[in-house]
1. Got a sec? Which residues in the range 229-250 would a label at residue 284 touch, if it sits 7 Å along Cα→Cβ and we count backbone N under 11 Å?
2. With a Förster radius of 30 Å, plug the Cβ-Cβ distance of residue 315 and residue 149 into 1/(1 + (r/R0)^6) and report the FRET value to the nearest 0.05.
3. Near the amide H of residue 119, under 5 Å away, which other amide H atoms are found, from residues 5 or more places off or on another chain, if H is placed in the peptide plane?
4. Give the peptides 163-169, 38-44, 274-280 in descending order of average Cβ contacts within 10 Å, highest first.
5. Tabulate in residue order the Karplus-calculated ³J(HN,Hα) for the range 183-200, using 6.51 cos²θ - 1.76 cosθ + 1.60 with θ = phi - 60°, rounded to whole Hz; enter x for Gly and Pro.
6. List the equivalent ellipsoid semi-axes of the chain in whole Å, largest first, each obtained as the square root of 5λ for an eigenvalue λ of the Cα gyration tensor.
7. Measure off 7 Å from each Cα along the Cα-to-Cβ vector at residue 261 and residue 23, then give the distance between these two points in nanometres to one decimal.
8. Tell me, in nm to one decimal, what length is gained between residue 8 and residue 129 on full extension, where the rule is 0.36 nm per residue of separation less the Cα-Cα distance?
Amino acid sequence: YCSVCTDQKLYDEGLKYGLRTLALVYQVLPKTALPAKAAAYISALCYHNAALAALARQSLEDAIELSEKGVDIATGHLHPKRPGDVDGDEILKRRLITIGSRAKGIPEQFWTQAVNCMAGYLDTAAFWDLSIWEFGYCEVLEMIRVLQRTKTLKHISMDQPFRKTESLDHVTTLVFVNAMFSCKPLELITVCKIDFDPTRVHHRLKKKTFLETSWYQGAATFPATMPLQQRPAIAGYKGICKGLDSFGQKLVIFLTILGNHCDGVDFSSNGLESRGMRALVAALRCRHRPRVSRSVNALVVADNQIDVAAAGVLA
């Protein structure tokens, strides 16, 4: 009846009966002898119908909540037998993703990757390439949600040009960076082709050579990083941000400041202007940082584009 009301554009009635149906499902299903997969399909379908009515009614928060719960059920209990299979269960999950992505205002394929990453599912479970996606406010909120829930993501990568960043404030970006440090399985963060180890961001990771990425790699063992050195007093990031756009600079600054393990940092020769200085100050003032990180007690910003505006920001 919920679907019929939605088809007839009676959205208020559709949402009302969709929510009533969900309440009945939770009352009745535990008392039945249905297989777990059948019960999950019925629950996900009810969430789909209610979410569709909420979306049509422009109750976006309701549509987001209902679609997310439906997707959680679908990914938890209704996997296809083999990757790439498309059956009724997979179609239902895709429809829920379509509803949710429209309510969230994000691309459908982006949320598909996010859902698969959270579920540890298919090819996006260990590596997530964000370079092709926009970095708007809604997208970053979903990235944070993935980082908080994933148990399989090991490598996250992002690259310029960053789009839609004008809708993103310092606070949300800081929460995003903190979420990367709090993500336990995450082993590698790549920003504009610069690799960071979340456990020691001051240590420069060595790029793999041809021998390490070709068929020769089976004949020898290569070290993943440069020889491990003692932690320096001042972490050197001289020139690391040079050539990056303003948001790329912001990400690198936030990562190195929030993940700092040294007494100070050296951001000399990075071409930082007033926008870069604002990002630097925002990171230094951030109260919420990883437990193992250290506050920056010494700051070197020589040979940057420090004009009156940038100096005022630092002051």
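Any read-out appearing in this document is the output of simple, stated calculations on the displayed coordinates, not a laboratory observation. Bear in mind the structure is a predicted one, so any value in this text is a computation, not a measurement. Reconstructed Cβ throughout: ideal geometry from the backbone, glycine too, with neighbour counts over all protein chains shown.
1. none
2. On the way: r = 41 Å, r/R0 = 1.36.
Plugging the Cβ-Cβ distance into 1/(1 + (r/R0)^6) gives 0.15.
3. none
4. Values: 163-169: 14.3, 38-44: 18.3, 274-280: 21.9.
Per-residue Cβ counts within 10 Å, averaged per peptide and sorted highest first, yield 274-280, 38-44, 163-169.
5. Coupling constants for the range 183-200: 6, 4, x, 5, 10, 8, 10, 10, 10, 6, 6, 9, 8, 10, 8, x, 7, 7 Hz.
6. Values: eigenvalues 389, 118, 50 Å².
Sorted largest first and rounded, they come to 44, 24, 16 Å.
7. 5.4 nm
8. On the way: separation 121, 0.36 × 121 = 43.56 nm, distance 4.11 nm.
Result for the pair: 39.5 nm of gain on full extension.
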